[in-house]
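Notes follow the structure.
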C-alpha cells in the first residue's frame, strides 16, 4: 500500500518536472533567437553576410590568421575547420564558404578570456575556399584556405 | 536525458582550459529531399550555442545550416581551474533546446 503511494507520488513529481522544463525550454528560444542574425544566414551574397555580422565587409588579409582544413575533403558533409589567430582582443570569428548556397556557415563571439582558436565541422557543396573573418580590436582581418571537395555535402 | 544530446570534455592544459564538445543534432538544411517521397525535408538546425564558465559567458556560437550534422566544437580559454563548471546550452530553429553542465578536469 505504502509502496504504491510512493510510486504514485514519484510519477506525479516527474511529470511536473518535465512540464516545467518544457515551459522553460519554450520560453528561452524566443529571447535568444532575437539575437540570431537570420538575414546574414539566409543571404546568398558573402559580403552582405559579413557586413550584417561585423558592420563592414572590408577585411584586410592577415598572416596572423591560420585556417586549418584538409586539402582534399572526401566528404563535403563533414569538413573539419580550425581557425587560429595570435591577434589580441579577438571579438568574433566568422567562417564562410563562398560556393555554398548560403555562404555563412558559423560565427563565434569570443569573450575577453577566450583564445583566438575555434574548431568546428562544416558542410561544403563543392570545391571552394574556406574563408575566416576575424574581428580583433575593432578591425576586420581575413585568411582563407582552398579545399577540394570530391563529394558534395549539401545534396540529397 | 540531456546526456544523449551532448558530450562535453574539458580539461586544463597549462593555464588554459580546452573544451571539446559534440552536440547530437540532425542539422537539416531544408534543401534536401527525401528520396522515397520527393518531399523536402524541413530545416532543423542549431542556431545558437552558449558556453559558460562559472556562469560567465566565454563563447557564443551562431550557427546556420552550413554546420555539419552532430556538430563538433572546440575552443580554449584562460582564467579557469580544475573543478570549475562549464555549461553548454543550445537552441535550434524549432525552439528545441538542451543544456549540459560539465566539470573541468
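The values are calculated or read from the model by the stated rules, or taken from the named source; none is laboratory data. Here the structure is a predicted model, which means the values were calculated and not measured. Ideal geometry is used to build each Cβ from the backbone, glycine not excepted, and the neighbour counts take in all protein chains shown.
One line per residue, one yes/no per condition, for (1) crowded, with 22+ Cβ neighbours inside 10 Å; (2) under 24 Å from residue A:95 (Cβ atoms):
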site	(1), (2)
B:56	no, no
B:64	yes, yes
B:69	no, yes
B:72	no, yes
B:79	no, no
B:87	no, yes
B:91	yes, yes
B:98	no, yes
B:103	no, no
Quick one: would you say residue B:99 is in a strand (DSSP E or B) and either within 7 Å of another protein chain (Cβ to nearest Cβ) or under 26 Å from residue A:103 (Cα atoms) (or both)? no
Could we say that residue B:95 is in contact with a strand residue (DSSP E or B) (Cβ under 8 Å, 6 or more places away or on another chain) and free of Cβ contacts under 8 Å to residues at least 60 places away in the same chain here? no
What residue, among those in the stretch B:39-73 that are free of Cβ contacts under 8 Å to residues at least 12 places away in the same chain and either assigned to a loop (DSSP other than H, G, I, E, B) or touching a strand residue (DSSP E or B) at 6+ places or on another chain (Cβ under 8 Å) (or both), is farthest from the other protein chains (Cβ to nearest Cβ)? B:39
Against the conditions (1) touching a strand residue (DSSP E or B) at 6+ places or on another chain (Cβ under 6 Å); (2) surrounded by 14 or more Cβ atoms within 10 Å (Cβ to Cβ), where does residue B:26 fall short? Just the number, please. (2)
Quick check, is residue A:110 without any contact (Cβ under 8 Å) to a residue 24 or more places away in the chain, touching a strand residue (DSSP E or B) at 6+ places or on another chain (Cβ under 6 Å), within 23 Å of residue A:47 (Cα to Cα) and at the interface with chain B (Cβ under 8 Å from one of its Cβ atoms)? yes
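For (1) over 20 Å from residue A:124 (Cα atoms); (2) surrounded by fewer than 16 Cβ atoms within 10 Å (Cβ to Cβ); (3) modelled with pLDDT of 95 or more; (4) touching a helix residue (DSSP H, G or I) at 6+ places or on another chain (Cβ under 7 Å), each residue gets a yes or a no:
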residue: B:16; (1), (2), (3), (4): yes, no, no, no
residue: B:31; (1), (2), (3), (4): no, yes, no, no
residue: B:39; (1), (2), (3), (4): yes, yes, no, no
residue: B:42; (1), (2), (3), (4): no, yes, no, no
